[in-house]
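Chemist: Quick one: this structure, given as structure tokens, is what I'll be asking you about.
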Amino acid sequence: MLLDYATTLKEPEDLSINPMGKVPAICHGDIVVTETAAICAYLADIFTNAGLAPAPGSPLRGPYYRWLFFTAGPVEAAVSNQALGFVVPEGCERMIGYGTYEQTLDVLEDAVSQGEYLWGDMFSAADIYTGSYLGFAMQTGGIEKRSAFGAY
Ligand SMILES: N[C@@H](CCC(=O)N[C@@H](CS)C(=O)NCC(=O)O)C(=O)O
């Protein structure tokens, strides 16, 4: 079924799945999951055969969560605000979770420059999410095309 942002996605049936009236959202049996990063993490944990997440309790969960949440939080907010022309006023960087747009992109650039994937040799759901976000944002002009982002 095709949903339209302005109409069908805002109808009660869909709002009962995601009260934000936004996509993506999944229903897996009785479980509803919204938020792209949460969906990636949830599916990686359910479909363990895909090998997209380190095992629960593994020390690699640290960097895995770190970069999933970094993209979902600071990166998304910084890029959206930048696209809307909002610049964090000087001196207010401490009040904002992402500090500044430049700082957030610098940290992300460093993270994707460390190896083939976000943490070492393992491709994970964090790469799916961050890679997709970077690809989309570079395509739409939300993020400047730094060479490290392109290579990643
Ligand atoms: N925080 C949400 C944001 C999702 C989001 O921004 N969805 C947009 C499309 S990319 C949307 O559904 N917009 C439709 C609307 O708000 O009417 C996530 O990470 O999944």
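The values are calculated or read from the model by the stated rules, or taken from the named source; none is laboratory data. Remember, it's a predicted structure, so these values are computed and weren't measured experimentally. Note: ideal-geometry Cβ built from the backbone for every residue, glycine included; neighbour counts use all protein chains shown.
Chemist: Identify, please: which residue in the range 27-42 is more than 11 Å from the ligand (Cβ to nearest atom) and not hydroxyl-bearing (Ser, Thr, Tyr) and is, among those, surrounded by the most Cβ atoms within 10 Å (Cβ to Cβ)?
Modeler: So in the range 27-42, the residues more than 11 Å from the ligand (Cβ to nearest atom) come out as 27-32, 41-42.
Narrowing the set further to residues that are not hydroxyl-bearing (Ser, Thr, Tyr) leaves 27-32, 41.
Working: 27: 9, 28: 11, 29: 5, 30: 5, 31: 9, 32: 12, 41: 23.
Checked the range 27-42; the qualifying residue surrounded by the most Cβ atoms within 10 Å (Cβ to Cβ) is 41.
Chemist: Within the range 43-59, restricting attention to residues that are of a type outside the set (Gly, Ala, Ser) and assigned to a helix (DSSP H, G or I), which residue is surrounded by the fewest Cβ atoms within 10 Å (Cβ to Cβ)? Explain how you work it out, then say what you get.
Modeler: We begin by selecting, within the range 43-59, every residue of a type outside the set (Gly, Ala, Ser); these are 43, 45-49, 52, 54, 56, 59.
Now narrow it down to the ones that are assigned to a helix (DSSP H, G or I): 43, 45-46, 48-49.
On the way: 43: 17, 45: 13, 46: 13, 48: 11, 49: 6.
Top of the filtered list is 49.
Chemist: If you check residue 63 against the conditions, is it assigned by TED's automatic domain parsing to the domain that holds residue 136, more than 17 Å from residue 132 (Cβ to Cβ) and either in contact with a Leu (Cβ under 6 Å, 6 or more places away or on another chain) or outside any loop (DSSP other than H, G, I, E, B) (or both)?
Modeler: Numbers: assigned by TED's automatic domain parsing to the domain that holds residue 136: yes; more than 17 Å from residue 132 (Cβ to Cβ): yes; either in contact with a Leu (Cβ under 6 Å, 6 or more places away or on another chain) or outside any loop (DSSP other than H, G, I, E, B) (or both): yes.
So residue 63 passes the test.
Chemist: If you take the residues in the range 1-26 that are closer than 21 Å to residue 133 by Cα and within 10 Å of the ligand (Cβ to nearest atom), which one is modelled with the lowest pLDDT? Walk me through how you get there before you give the answer.
Modeler: At the first step, the residues of the range 1-26 found to be closer than 21 Å to residue 133 by Cα are 5, 18, 20-26.
Okay, now just the ones that are also within 10 Å of the ligand (Cβ to nearest atom), so 5, 18, 20-25.
Numbers: 5: 93, 18: 97, 20: 97, 21: 96, 22: 96, 23: 96, 24: 96, 25: 97.
The selected residue is 5.
Chemist: Next up: Only one of these is on the phi > 0 side of the Ramachandran plot and either surrounded by fewer than 17 Cβ atoms within 10 Å (Cβ to Cβ) or more than 15 Å from the ligand (Cβ to nearest atom) (or both): 62, 99. Name it.
Modeler: Details: 62 fails: on the phi > 0 side of the Ramachandran plot.
Answer to the selection: 99.
Chemist: Let me ask you something else. Return the only residue of 115, 73, 21 being touching a helix residue (DSSP H, G or I) at 6+ places or on another chain (Cβ under 7 Å) and surrounded by fewer than 17 Cβ atoms within 10 Å (Cβ to Cβ).
Modeler: On the way: 115 fails: touching a helix residue (DSSP H, G or I) at 6+ places or on another chain (Cβ under 7 Å); 73 fails: touching a helix residue (DSSP H, G or I) at 6+ places or on another chain (Cβ under 7 Å).
Answer to the check: 21.
Chemist: Shifting gears a bit: Within the range 1-18, can you find the residues that are outside any loop (DSSP other than H, G, I, E, B) and surrounded by fewer than 10 Cβ atoms within 10 Å (Cβ to Cβ)?
Modeler: Going residue by residue through the range 1-18, those that are outside any loop (DSSP other than H, G, I, E, B) are 8-10, 12-15.
Result: 12, 13.
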